[in-house]
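Accompanying notes for the structure given below.
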Amino acid sequence: MMTSDELTGLLSAFPTTPLGHFPTPIDAAPRLSEQLGITLSIKRDDATGLAFGGNKIRQLEYYFGKVLDAGADTVLITGAVQSNYVRSVAAAAAKLGLRCHAQLEDRVPLYDESYVKNGNTLLNNLLGAITHSYPEGEDEEGADAQLYEIAEEDRKKGFKPYVIPLGPGNPPTGALGYVKCAIELAEQLESQPKIDAFVVPSGSGMTHAGLLVGLRALGITTPVYGICVRRAADVQAQRIAKNCRAIEELIGLPATVTPGDVNTSDAVLSPGYGQLNDAVYDAVLMAARSEGLMLDTVYTGRAFAGLVHLAKEGVIAKGSNVLFLHTGGTPALFGYGDVLNKRLIAGSNT
Ligand SMILES: *Cc1c(COP(=O)(O)O)cnc(C)c1O
């Protein structure tokens with residue numbers, strides 16, 4: 001266990017470049033709280049500023065620290081067609097005057113006009129990213145390998161490319177942004193009633209693992225529930241445990257997070273990544289209609305549906321103080337415009 005200053009000191013060994021607005025606010029959500037029988041507050045990482053914000057802005061402050069240190073003039077990134085990560089990299093590259101290759105993977109079986117052309121793909125084009133496609137959706141190593149090939153082509157043309165890899169086994173650079181977020185949170189929560197549970201979306205796991213490592217390093221033992229957006233709970237838990245160890249090693253922290261400390265839930269994952277189900281749709285409407293709070297269909301809507309499930313099942317007890325991390329992703333909502341309009345018109349929920 002260490003102080004905020006000590007952890008900040010360890011993080012200062014890593015280069016960063018400022019990209020976003022911090023600290024992000026924590027909002028009360030009284031009308032959602034009442035419906036769920038808990039006291040809910042929401043950490044607004046959708047409000048990190050750059051190009052519609054989101055959690056990737058914290059992660060990219062560390063990645064672009066490395067990009068600039070390496071003297072690169074081009075960055076390469078891969079993700080789903082409606083990836084917020086890709087859009088955030090395209091925005092950071094534009095802000096720093098760098099070229100950006102955006103590789104879009106065929107990860108979600110959606111080919112309608114909004115999914116292909118609106119939301120984040122529209123933003124990538126406005127931001128000037130050079131777009132490529134990758135025909136597979138479940139092949140992280142393959143997607144990274146094609147990025148390295150594009151980088152090689154660029155190198156031959158005299159550019160200095162930098163690949164931001166997606167697959168496991170790479171240094172967990174982005175997670176440092178969420179270790180830092182744990183320090184920010186600890187300071188914000190000092191003057192508030194004790195939080196009983198944190199709920200976060202768990203995708204690549206950089207957010208979930210970074211926050212978990214940061215909180216535990218500061219001696220905060222509150223459970224962190226990661227809601228699975230892509231993989232089954234057991235597979236994701238192993239990934240998070242590995243990520244935590246890798247983050248601790250990278251920073252030089254003692255091994256504090258144990259596998260038993262990793263909580264994952266996949267109760268609302270079906271039918272799979274980026275695909276809407278009733279629980280996610282209901283969660284998106286509930287947040288919008290109760291608080292005017294916009295969640296997305298891939299990450300935050302799913303994570304909020306997971307929170308609702310945990311509260312209903314009593315895993316999160318009635319009356320608990322719960323902090324939900326809103327990781328952004330709202331531009332992807334427009335990518336799901338056709339899918340959402342169909343549901344709204346059918347009136348399958350009111
Ligand atoms: C990428 C993303 C996540 C998942 O974060 P990881 O660090 O990859 O687990 C959650 N929410 C939104 C909106 C995202 O774009």
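Side notes on the structure shown:
- Spatial offset of the range 79-142 relative to the range 254-311 amounts to 23 Å, using the alpha carbon center of each.
- From most to least packed by mean Cβ count within 10 Å, the peptides 326-334, 141-149 give 326-334, 141-149.
- Spatially proximal aspartates and glutamates relative to LYS342 (Cα-Cα < 18 Å; intrachain offsets below 8 disregarded): ASP112, GLU113, ASP278, ASP282, ASP296
- Förster radius 30 Å - calculated FRET efficiency between ALA288 and ALA232 (Cβ-Cβ, nearest 0.05): 0.55
- Shape of the range 1-122, Cα gyration tensor, a/c cut at 1.5: oblate
- Potential extension, LYS342-ASP261 segment - 0.36 nm per residue separation minus Cα distance: 25.1 nm
- Normalising the average separation of contacting C-alpha pairs (under 8 angstrom, six or more residues apart) by the number of residues puts the relative contact order of the range 93-138 at 58 percent.
- Sequence-separation-based contact order of the chain, relative, with Cα cut under 8 Å and 6+ spacing, percent: 22
- Relative contact order (%) - the range 239-350, alpha-carbon pairs under 8 angstrom, separation at least six: 20
- Shape of the range 163-291 from the C-alpha gyration tensor: oblate (a/c of 1.5 or more and a/b not above b/c, with a ≥ b ≥ c the square roots of its eigenvalues).
- By a 1.4 Å probe calculation restricted to protein chains, THR221 has an accessible surface near 110 Å², given to the nearest 10.
- Residues of the range 77-92 with amide N under 20 Å of a point placed 7 Å along Cα→Cβ from GLU153: 77-81, 86-87, 90
- Protection proxy ranking of 48-55, 107-114, by the mean of other Cβ atoms within 10 Å over each peptide's residues and highest first, is 48-55, 107-114.
- Tensor-based shape of the chain (alpha-carbon gyration tensor, a/c under 1.5 rounded, otherwise prolate or oblate): oblate
- Solvent-accessible area, 1.4 Å probe, carbon plus sulfur percent, for the range 5-72: 53
- Residue-normalised accessible area of the chain, expressed per residue, 1.4 Å probe, Å²: 40
- The chain: DSSP helices with Cα axial extent of at least 15 Å and average Kyte-Doolittle hydropathy no lower than 0.5: 84-96, 176-189, 206-217
- Model label points for THR221 and GLU34, set 7 angstrom from Cα along the Cα-to-Cβ axis, are 3.6 nm apart.
- Placing dummy labels 7 Å off each Cα toward the beta-carbon, the span from ASP112 to ASN170 is 3.2 nm.
- Measuring against 30 Å, Cα to Cα, the residue pairs LYS117/LYS180; LYS43/LYS66; LYS95/LYS157; LYS56/LYS160; LYS56/LYS117; LYS157/LYS180 contain LYS117/LYS180; LYS157/LYS180 as the ones spanning a longer distance.
- A Förster radius of 51 Å combined with the Cβ-Cβ distance from LEU96 to LYS318 puts the calculated FRET efficiency at roughly 0.60.
- Kirkwood-type radius of the range 56-163, with distances r between different C-alpha atoms, in Å: 13.9
- Our helix-only sum for the chain, with -39,500 (n - 2.57) per DSSP H run of n ≥ 4 divided by its residues, gives a mean residue ellipticity at 222 nm of -14000 deg cm²/dmol.
- With the simple model of a label 7 Å out from the Cα in the direction of the Cβ, ALA70 to MET1 spans 3.9 nm.
The values are calculated or read from the model by the stated rules, or taken from the named source; none is laboratory data. Note that the coordinates shown come from a computational prediction; the quantities given were computed from them, not determined experimentally. Backbone-built Cβ (ideal geometry, glycine too); neighbour counts: all protein chains shown. Just so you know, the surface numbers come from the protein's heavy atoms only, side chains and all, with ligands and any DNA or RNA stripped out. Shrake-Rupley method; radii C 1.70, N 1.55, O 1.52, S 1.80 Å.
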